[in-house]
Amino acid sequence: MERREFLKKSLALGLGAGVLFLPKGLSGVVSRAFAEDPRPDLVALQGSSPEAMFDRGMEALGGMGRFVRSGQTVLVKPNISWDVSTTGAANTHPGLVGQIIRHCLDAGAARVCVMDHSIEYWERTLENSGVGEALRAAGGIYVQAEDVKYYRQVDVNGATLKTTQVHEAWLESDVLINVPVLKHHGGAVISSAMKNLMGCVWQRRDWHRTGLQACIADFLRVRKPDLNVIDAYRVLTRNGPRGGSPRDIVEMNAQIISPDIVAADAASARMMGREPSDITHVRLAAETGFGQLDLSKLNIERLTL
């Protein structure tokens, strides 16, 4: 898509991979007014490949060694739920998944696993999404998620979600890296960092029946990711979460990286032309104390490659 066409489409949809997800009034590359740690709370990148943006974003955050120590086990949790190709924007970009695995192994990880409880048939989804080839080339290991024997009943004790069956890899891995693709979702409004964690549970239908937005927020009581990497390279703006038409996709060529899952989703909401407080699960998670909704209180670094 040419830049002029992208800008026209983005403005029409209220979308944008640049200033629209930043707090109003901020200017310049970095806002450090509230920072005690010189490293940013959130890095927003635009203008290059998923791999190159991740490399630069991790450099700004202090490197993968800040999150992964030698000998640790790492779980990388992308969205690989749909039997569509990379261009469909329904799954996490395979190049990004592979690059994250490489960074973890370079930091000394003993093992890097990848899993998602796919909605469509997992073997076709894994291969047609490109993630299977990417993880094998990078040295990752795919973890089976298609049998209830891999899940444990966990007491959540949330406001809405009381119990759920969680994949053992989510519970046992030393480090959790959450790698969703940003997209529209019919029930949750947006699908980003928090929504992606539904791929760690066995019976998702119960969440829809009980109250999807509240369950998404409550699940953070089980365990929060150590790092969130939002793939906004191609963004499905309508008819999510699977999509079906190229007309629904905007090429934003962007990425958001943050240890704060609420901040990551707040930035994601801005990119989708939404106020973060209007996304129920994001607001509920912030109110419970799981992260920062107000982006003006964060040290944000914006990078254009």
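Cβ-Cβ under 6 Å, sequence separation 6+ or interchain: first residue in region 282-305 and within 21 Å of residue 212 (Cα to Cα), partner modelled with pLDDT of 95 or more and surrounded by fewer than 19 Cβ atoms within 10 Å (Cβ to Cβ). Which pairs?
Close Cβ pairs (under 6 Å, with a partner that is modelled with pLDDT of 95 or more and surrounded by fewer than 19 Cβ atoms within 10 Å (Cβ to Cβ)) amount to 283/277.
Please go through region 186-222 and give me each residue that is at pLDDT 95 or above and under 22 Å from residue 247 (Cβ atoms), ordered by number.
Those that are at pLDDT 95 or above and under 22 Å from residue 247 (Cβ atoms): 190, 191, 192.
What's the number of the condition residue 96 fails, among (1) surrounded by fewer than 23 Cβ atoms within 10 Å (Cβ to Cβ); (2) at pLDDT 95 or above; (3) not in a loop (DSSP other than H, G, I, E, B)?
Every listed condition holds for residue 96 apart from (1).
If I filter region 219-252 down to residues being more than 17 Å from the chain's Cα centre (by Cα) and assigned to a helix (DSSP H, G or I), which single residue comes out as farthest from residue 100 (Cα to Cα)?
For region 219-252, the residue satisfying everything is 247.
Restrict the check to region 137-160 and report whether at least one residue is on the phi > 0 side of the Ramachandran plot, in contact with a Leu (Cβ under 8 Å, 6 or more places away or on another chain) and either of a type outside the set (Val, Ile, Thr) or assigned to a loop (DSSP other than H, G, I, E, B) (or both). Steps first, please.
Step one: filter region 137-160 for residues on the phi > 0 side of the Ramachandran plot, giving 139, 157.
Still in the list and also in contact with a Leu (Cβ under 8 Å, 6 or more places away or on another chain): 139.
Filter once more, so that each one left must be either of a type outside the set (Val, Ile, Thr) or assigned to a loop (DSSP other than H, G, I, E, B) (or both): 139.
Yes, because at least one residue in region 137-160 is on the phi > 0 side of the Ramachandran plot, in contact with a Leu (Cβ under 8 Å, 6 or more places away or on another chain) and either of a type outside the set (Val, Ile, Thr) or assigned to a loop (DSSP other than H, G, I, E, B) (or both).
Being touching a Ser or Thr at 6+ places or on another chain (Cβ under 7 Å), not acidic (Asp, Glu) and not in a strand (DSSP E or B) is the filter here; which residues of region 162-192 pass it?
173, 180, 192
Search region 167-188 for residues that are under 28 Å from residue 250 (Cα atoms) and pair each with any residue that is of a type in the set (Gly, Ala, Ser) and assigned to a strand (DSSP E or B) when their beta-carbon atoms are under 7 Å apart and the residues are at least 6 apart or on different chains.
Final answer for the pair search is 180/191; 182/232; 183/191; 185/191.
Scan region 251-287 residue by residue and report those that are under 15 Å from residue 185 (Cα atoms), crowded, with 19+ Cβ neighbours inside 10 Å and among the β-branched types (Val, Ile, Thr).
279, 282
Do you know which of the residues in region 269-290 that are of a type in the set (A, V, I, L, M, F, W, C) and within 15 Å of the chain's Cα centre (by Cα) is nearest to residue 221 (Cα to Cα)?
To start, the set of residues in region 269-290 that are of a type in the set (A, V, I, L, M, F, W, C) comprises 269, 271-272, 279, 282, 284-286, 290.
Now drop any that are not within 15 Å of the chain's Cα centre (by Cα), which leaves 269, 271-272, 282.
Numbers: 269: 22, 271: 26, 272: 26, 282: 14 Å.
Applying the filter and picking the extreme gives 282.
Give the residue that is surrounded by the most Cβ atoms within 10 Å (Cβ to Cβ), with candidates limited to residues of region 103-135 that are acidic (Asp, Glu) and in contact with a Ser or Thr (Cβ under 9 Å, 6 or more places away or on another chain).
Initial filter on region 103-135 (acidic (Asp, Glu)): 106, 116, 120, 123, 127, 133.
With in contact with a Ser or Thr (Cβ under 9 Å, 6 or more places away or on another chain) added as a condition, the list becomes 116, 120.
Values: 116: 27, 120: 15.
Checked region 103-135; the qualifying residue surrounded by the most Cβ atoms within 10 Å (Cβ to Cβ) is 116.
The values are calculated or read from the model by the stated rules, or taken from the named source; none is laboratory data. What you see is a predicted model, and the numbers here were worked out from it, not measured in a lab. Cβ sites come from the backbone with ideal geometry, for glycine too, and all protein chains shown count toward neighbours.
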